[in-house]
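The values are calculated or read from the model by the stated rules, or taken from the named source; none is laboratory data. Being a predicted model, the structure only gives us computed values, none of them experimental. Using ideal geometry, Cβ is built from the backbone for each residue, glycine included, and neighbour counts are taken over all protein chains shown.
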Amino acid sequence: MIGLYIHIPFCRQKCFYCDFLSVRYDIDLADKYIDSLIKHSQKFKSRKISSMYIGGGTPSVLSSKQIQKLLTFLSNIFNLSKIKEFTFELNPESVSKEKLIILKEFGVNRLSIGLQSVEDKYLKYLGRIHDLKTFCICYDNVKHEGFDNVNIDLIYGLPNQTIDDWESVLKKILLFNSDHLSLYPLSVEKNTIFYKNGIVADGKLQSKMYEKSVEILEHAEYVHYEISNWAKKNKEALHNTNYWRNLEYIGLGASACGYLKKNRYKNIENIEKYINFIENGIDCTIENVYIDEKLYTAETIMLGLRLLREGLSVKCFNSPQNKLTLLECLKERTLIQEKDRIKLAKKYIFIFNQIVSKFM
Ligand SMILES: C[S@@+](CC[C@H](N)C(=O)[O-])C[C@H]1O[C@@H](n2cnc3c(N)ncnc32)[C@H](O)[C@@H]1O
Ligand code: SF4
């Protein structure tokens, strides 16, 4: 049983902060890309899939016909009989009833909607092409079609955003009562319009906003199960949780990453080259890193500590060096032990990087 991630690198327009691989949607290029995805999938034919995630870019920008074709082939190529979670990412402006019905028909049981902000002025500032009203219509349609596991993505710490502004965003988002919330601090990445415009994120303010989120969402009965993720009871994202459990997954599509047989890989980032390589039977991976025992342990600790409630087994801290570091962290209470699980103390989430670096 294994996870499957598929990257759809098309969007209607590039957002000013986004560094993920995506180009403007073009129907012909997307047709060719889907054919390549289908061909690439054959390499993993009949693998039993436990969770699938179609992300981007903007998967919902594909036409109904393209979505139908992709899902038809995927369900023929992979063994989806035991799939527990099938997520599809949506952008508010490119959702239609027709697309939602197709997704439902093919077993998609979780949707992730990129909203980013509830204020139209900020949506504009971020380079988003939807407004809050478009999101509301999209959300109504999603609920009307019977989807009962829906995530909303938001970004906080935008320039000029105050803590009060963020608190008001959170209060508004609670009105939608979504099953899951992913909250990300704005990160200004190279090759983005924000970076070129010299926008700087205020880390200190973002920490305070994060603290506010923890407080407000706890009162709203969301389980804070991962550093950036909150879920209603039993609505934790399984596919992503398996990344944090350091389990294997297949990555299909340009720029997608995968982790198979102790090898972490990344596919070529150029869409035309990806299509060309796949069509000509050339290996499309550009990075392959062998994960030896030492690296595996370091990654397992780094990822597992992100799971705030689940933590990781004490057995992962096996080497004398890690045992010593663990004792030190338990003593200073940055990590806590509950039965055989080691967890990050909530109070120290802000210095997560500092804590995990001790095990690297
Ligand atoms: C890969 S994006 C794709 C989602 C979808 N296309 C959308 O834009 O709504 C996944 C999420 O990452 C977050 N994200 C992307 N770039 C970010 C950045 N520079 N800083 C913080 N969050 C970011 C956004 O919340 C976004 O919804
Ligand atoms: S944030 Fe989403 S919609 Fe915007 S450019 Fe990135 S992937 Fe596309």
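For every residue, the table says whether it meets (1) more than 16 Å from ligand 1 (Cβ to nearest atom); (2) closer than 29 Å to L158 by Cα; (3) outside the structural domain of V200 (by TED's automatic domain parsing); (4) surrounded by fewer than 16 Cβ atoms within 10 Å (Cβ to Cβ).
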site: P9; (1), (2), (3), (4): no, yes, no, no
site: D31; (1), (2), (3), (4): yes, no, no, yes
site: I34; (1), (2), (3), (4): yes, no, no, no
site: S41; (1), (2), (3), (4): yes, no, no, no
site: S46; (1), (2), (3), (4): yes, no, no, yes
site: S51; (1), (2), (3), (4): yes, no, no, no
site: G57; (1), (2), (3), (4): no, yes, no, no
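Give the range 276-300 a look and list any residue that's part of a helix (DSSP H, G or I), acidic (D, E) and in contact (Cβ under 8 Å) with a residue 12 or more places away in the chain, or say none. Steps first, please.
Initial filter on the range 276-300 (part of a helix (DSSP H, G or I)): 276-279, 293-300.
If we keep only those that are acidic (D, E) as well, we get 279, 293, 299.
Listed by number, the residues that qualify are E279, E299.
Within the bounds of the range 306-317, is there any residue that is of a type in the set (V, I, T) and over 26 Å from the mean Cα position of the chain (by Cα)?
yes
Which of the residues that make up the range 11-29 are in a helix (DSSP H, G or I) and either in contact (Cβ under 8 Å) with a residue 60 or more places away in the chain or within 10 Å of ligand 1 (Cβ to nearest atom) (or both)?
Residue satisfying the conditions is L29 alone.
Looking only at residues in the range 172-202 that are within 13 Å of ligand 1 (Cβ to nearest atom) and part of a helix (DSSP H, G or I), which one is surrounded by the most Cβ atoms within 10 Å (Cβ to Cβ)?
F194
Find the residue count for the range 152-171, including only residues that are in a loop (DSSP other than H, G, I, E, B) and either at negative phi or within 15 Å of ligand 2 (Cβ to nearest atom) (or both).
Here the count works out to 4.
Hey, can you tell me all the residues within the range 75-93 that are touching a residue at least 40 places away in the same chain (Cβ under 8 Å), away from ligand 2 (no atom under 16 Å from the Cβ), within 16 Å of N109 (Cα to Cα) and not acidic (D, E)?
K82, K84
Please work out if K273 is exposed (fewer than 13 other Cβ atoms within 10 Å of the Cβ), part of a helix (DSSP H, G or I) and more than 21 Å from the chain's Cα centre (by Cα).
Working: exposed (fewer than 13 other Cβ atoms within 10 Å of the Cβ): no; part of a helix (DSSP H, G or I): yes; more than 21 Å from the chain's Cα centre (by Cα): yes.
It is false that K273 is exposed (fewer than 13 other Cβ atoms within 10 Å of the Cβ), part of a helix (DSSP H, G or I) and more than 21 Å from the chain's Cα centre (by Cα).
Condition (residue is assigned to a loop (DSSP other than H, G, I, E, B) and more than 16 Å from ligand 2 (Cβ to nearest atom)) applied to the range 129-146: is it met by at least one residue?
yes
Take T87 and tell me if it is surrounded by 21 or more Cβ atoms within 10 Å (Cβ to Cβ) and within 16 Å of ligand 1 (Cβ to nearest atom).
yes
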